Amino acid sequence: MDVLLLLALLPGCLCAVTVTVPPKVEVAFGHEAIFTCQPKFSGSPKYSVEWSYVDQDGQRTRIATFNDGKASVDPDTPFSGRAAMRSDNSLVISDIRVKDESEFVCRVNTVSEGTGEGSAQLKVFVTPSAPELLVNTHSVSITEQIAAEVGTCTSRNSYPAPAIEWYKNHVLMDAGTEKTGDLYVSSRMTVEASGLYTVSSTLFLKPTKADADAVFSCKAVFPLPGDSKSNMESKEFKLPLHYYTENVKLTVSPEVPLKEGDKVTLHCEGDGNPAPTYLFQKQKAGGAVDDLDSGSDGFYIFQNISREDSGTYICEALDFDSPDEILLKKQIDLNVHYLNPLTLIPSGEVHHSVGDNVPLNCIGDGSEIPTLVWKKGDKILSSSNRHRLRNLTYADSGVYTCEATVSTVPGLVKEASVTVVVEGPPDLGPESESVDVPSEGHMLTLSCSATGYPEPAIRWNPAELQPTQTVSGKIVKSEVAFKVTSKLINDISCTATNSLGTKDKKFKLSISSLVPPSTAPAQEQSGSSSTAIIAVVVCVLLLLLVVGLFFILQKKGKLACGRSEKQPLSQDPASAELAVELKSEKRNEQRGLLGSRGGGGGGPAAEC
């Protein structure tokens, strides 16, 4: 506040002092407050400054002064030890408390220009603790004629005093203070010894059924420096309302069409609080009812429902607070679908011979007309109640299943099966089999697979063969492993036998080489030398043949050995032909090769 002091009028001179001080200083509890003081003169006089405060009785008490460059703090004031003056005339007070809140005055004294002063109001702010909520734990009945106490909200240790607001579903409630209304609050404020405020507010409400799911809370709204506000909210709570049952709902789970064997639950639910107890009944013919064992939780469970459980079921909520005109019963109809056991013609296990025809027939009924199909494994054979097996083979043996379903009732299925056994003599496939073998001594494995019923036995010829046997379904497989010899080429066979017949199978072995496979590597390594040896052997044999021929001709006298060259040969045509042929060769070569006496003299040489 600016104050202008008019001093005494002197001849030819007007003097004044202006003091500027902020009108309001706002400080949080425990912080430091700074009060500025700025004097303004028409000249440049000497001056002194003093700060004081105004107590509750309006009396001023000096706190500190500043004169001739020296600052001093007065003793025995509430601010002693916490106050100080700066060279710029400012007053500083540390550790602000609530009781410090008052008016502070800055006075400037001059000799030549008079006196001026200004004042500031100190405002202290304390943030409260979180609001405390005390909720009424007793049930509040909606049938009460006056508003009931809901809860009390308390905010402690705040300055200035906070305001308490009540909220329902996060919306501010317009609660008055008139105690005869359906909604009002009762508030109380206490000043603690510390000077802080404790404020409490109690909410009174005449609830309705719509308040059953509502959430309530309170807020403490308190001021802050700078003309702003903040708030703290309590936890949320619901009212413990007590109201009678007006509506009952009866449901069944699952909702899909029911079938025998299902677990089915009836749930009865009333809208009263606390929840009522429940009674389940089944209506009989003529209107009478049977009471069912049921608990107070509103559930009745069929663990394994059957067709006998079909009918009308009644649920009654037992709430004695409800008016008599309110009907607390509900009913529901249960229709349990079923299928009767299937009739198969033929049934059980039937035996037929290979080549027979077998008709299969299935008869089924239930709460709905079922769809019938014949299956073998997962394969559908016929989409009707009849199926015919024609010209039976061993592959037709097995289990045939008739399946009954109802398309409008998911999961309602009935099955029955018949086992068809096909009998007949063994079947070994082709009567003979040709097998190529690389060489004698080769390790060979032969197998015979026989199909038949009764299960055939397989034996091998020759008997010394050691077979191994496996059975897979209707197939018996026998294997033998042996080294091939020339004696076994045409003597290997297998025979399958059961009570209905016998079947043979022969194996024809063809050996590509008689040389045992163990010598084959040596022949391959000496292929070129073997060829040369064979050529030499052939030449020697041819030479021996020629020598033998000459020897035979000499014995028969066909050759003239030791005779004169001019002596005529025999008249035998063959001999003559040979002689001519021999004479056509060079004579000197014949003498050198065939001379019996070594030749060399002048006499005639013998020729052979």
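For this structure, a couple of remarks:
- Applying the criterion of being among the β-branched types (Val, Ile, Thr) and part of a strand (DSSP E or B) to the residues of the stretch 99-129, the residue that is surrounded by the fewest Cβ atoms within 10 Å (Cβ to Cβ) is THR115.
- Of the residues making up the stretch 281-312, those that are open to solvent by less than 50 Å² (accessible area, probe 1.4 Å) and under 41 Å from the mean Cα position of the chain (by Cα) number 9.
- No other residue among SER194, SER186 is touching a Lys or Arg at 6+ places or on another chain (Cβ under 9 Å) and without any contact (Cβ under 8 Å) to a residue 24 or more places away in the chain apart from SER186.
- Comparison of LYS229, LYS263, LYS249 shows that the only residue that is in contact with a Pro (Cβ under 7 Å, 6 or more places away or on another chain) and basic (Lys, Arg) is LYS229.
- Qualifying residue in the stretch 42-51 (condition: modelled with pLDDT under 90, among the hydroxyl-bearing types (Ser, Thr, Tyr) and assigned to a loop (DSSP other than H, G, I, E, B)): yes
- The residues of the stretch 175-234 that are surrounded by 17 or more Cβ atoms within 10 Å (Cβ to Cβ) and among the hydroxyl-bearing types (Ser, Thr, Tyr), listed by number, are TYR184, TYR197, THR198, SER200, SER201, THR202, SER217, SER234.
- Considering the stretch 469-509, and only residues there that are under 27 Å from PRO438 (Cβ atoms) and assigned to a loop (DSSP other than H, G, I, E, B), the residue that is nearest to the chain's Cα centre (by Cα) turns out to be VAL484.
- Selection of the stretch 16-72 for residues being of a type in the set (Gly, Ala, Ser) and over 60 Å from the mean Cα position of the chain (by Cα) yields ALA16, ALA33, SER42, GLY43, SER44, SER48, SER52, GLY58, ALA64, GLY69, ALA71, SER72.
- Meets criteria (touching a residue at least 60 places away in the same chain (Cβ under 8 Å), of a type in the set (A, V, I, L, M, F, W, C) and more than 28 Å from GLY30 (Cβ to Cβ)) for VAL108: yes
- Some residue of the stretch 381-394 being in contact with a Ser or Thr (Cβ under 7 Å, 6 or more places away or on another chain), outside any strand (DSSP E or B), farther than 29 Å from SER449 by Cα and open to solvent by 30 Å² or more (accessible area, probe 1.4 Å): no
- Evaluated against (1) touching a residue at least 12 places away in the same chain (Cβ under 8 Å); (2) within 30 Å of ILE305 (Cβ to Cβ), ASP378 falls short on exactly one condition, (1).
- Looking across the stretch 157-174 at every residue that is within 22 Å of LEU224 (Cα to Cα) and among the polar types (S, T, N, Q), the one that is surrounded by the most Cβ atoms within 10 Å (Cβ to Cβ) is identified as SER158.
- Of note, THR61 does not satisfy the criterion of being open to solvent by 20 Å² or more (accessible area, probe 1.4 Å), modelled with pLDDT of 90 or more and either farther than 26 Å from GLY195 by Cβ or out of contact with any strand residue (DSSP E or B) (no Cβ under 8 Å at 6 or more places or on another chain) (or both).
- Within the stretch 487-499, being modelled with pLDDT under 90 and either surrounded by 11 or more Cβ atoms within 10 Å (Cβ to Cβ) or of a type in the set (A, V, I, L, M, F, W, C) (or both) holds for LEU488, ILE489, ASN490, ASP491.
- Checking ALA404 against (1) crowded, with 18+ Cβ neighbours inside 10 Å; (2) over 52 Å from the mean Cα position of the chain (by Cα); (3) assigned to a strand (DSSP E or B), the condition it does not meet: (2)
- Test: residue in the stretch 75-98 that is acidic (Asp, Glu), surrounded by 14 or more Cβ atoms within 10 Å (Cβ to Cβ) and either in contact with a strand residue (DSSP E or B) (Cβ under 8 Å, 6 or more places away or on another chain) or touching a residue at least 40 places away in the same chain (Cβ under 8 Å) (or both): no
- Screening SER353 with (1) buried (at least 16 other Cβ atoms within 10 Å of the Cβ); (2) at pLDDT below 95; (3) closer than 30 Å to SER472 by Cβ; (4) of a type outside the set (A, V, I, L, M, F, W, C) gives one miss only, at (1).
- Single condition LEU444 does not satisfy, out of (1) in a strand (DSSP E or B); (2) under 26 Å from LEU392 (Cβ atoms): (2)
- Here VAL350 meets each of (1) aliphatic (A, V, I, L, M); (2) over 38 Å from the mean Cα position of the chain (by Cα); (3) closer than 20 Å to LYS259 by Cα with one exception, condition (3).
- Residue in the stretch 408-450 that is nearest to GLY473 (Cα to Cα), counting only those that are polar (S, T, N, Q) and surrounded by fewer than 13 Cβ atoms within 10 Å (Cβ to Cβ): THR445
- Residue check, VAL336 within 17 Å of VAL420 (Cβ to Cβ) and open to solvent by less than 40 Å² (accessible area, probe 1.4 Å): no
- Qualifying residues in the stretch 130-154 (those that are assigned to a strand (DSSP E or B) and over 30 Å from PHE29 (Cβ atoms)) - the one most open to solvent (accessible area, probe 1.4 Å): GLU149
The values are calculated or read from the model by the stated rules, or taken from the named source; none is laboratory data. What you see is a predicted model, and the numbers here were worked out from it, not measured in a lab. With ideal geometry, Cβ positions are generated from the backbone for all residues, glycine too; neighbour counts draw on all protein chains shown. Each accessible area value is taken on the protein alone, full model and side chains, heavy atoms only, with ligands, DNA and RNA left out. Shrake-Rupley method; radii C 1.70, N 1.55, O 1.52, S 1.80 Å.
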